[in-house]
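Let me begin by presenting the structure, written as structure tokens, before commenting on it.
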Amino acid sequence: MATYRFTTPTIRENPGGEYHPLFSRIEIPVGISVLKVDGEYYEVRYPSEEETLAADIFYLGGVTHTVSVEEKADLEAAGYEVETID
């Protein structure tokens, strides 16, 4: 039986703040959380506790999640990539 993995999207940003000017050239990947609410998927940068509790499914940003075949189909229909691992 195949295993399916979903990795949430990321964006690249620099640390910002009052650092040395060279730090502005460094970009790090930052995960975006994905929530499924009433059958629709939403991307949320900083989800609140209320949002995560209200969601049918919550995928924490920056993490790889194991998903079922049904959820794989739903994620792909919503435009996300899901990796098949044998």
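The values are calculated or read from the model by the stated rules, or taken from the named source; none is laboratory data. Owing to the predicted nature of the structure, the values given are computational and were not obtained by experimental measurement. Note that we place each Cβ from the backbone using ideal geometry, even for glycine, and neighbour counts take in every protein chain shown.
Summary table
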quantity: Residues of region 27-41 that turn out to be modelled with pLDDT of 95 or more and within 18 Å of Ile11 (Cα to Cα), as a count; calculated: 5
quantity: Count of region 62-71 residues which are at pLDDT 95 or above and in contact with a Ser or Thr (Cβ under 8 Å, 6 or more places away or on another chain); calculated: 3
quantity: Spans of strands (runs of 3 or more DSSP E) in the chain with at least 1 residues touching a strand residue (DSSP E or B) at 6+ places or on another chain (Cβ under 9 Å), surrounded by 13 or more Cβ atoms within 10 Å (Cβ to Cβ) and touching a residue at least 60 places away in the same chain (Cβ under 8 Å); calculated: 3-7, 64-67
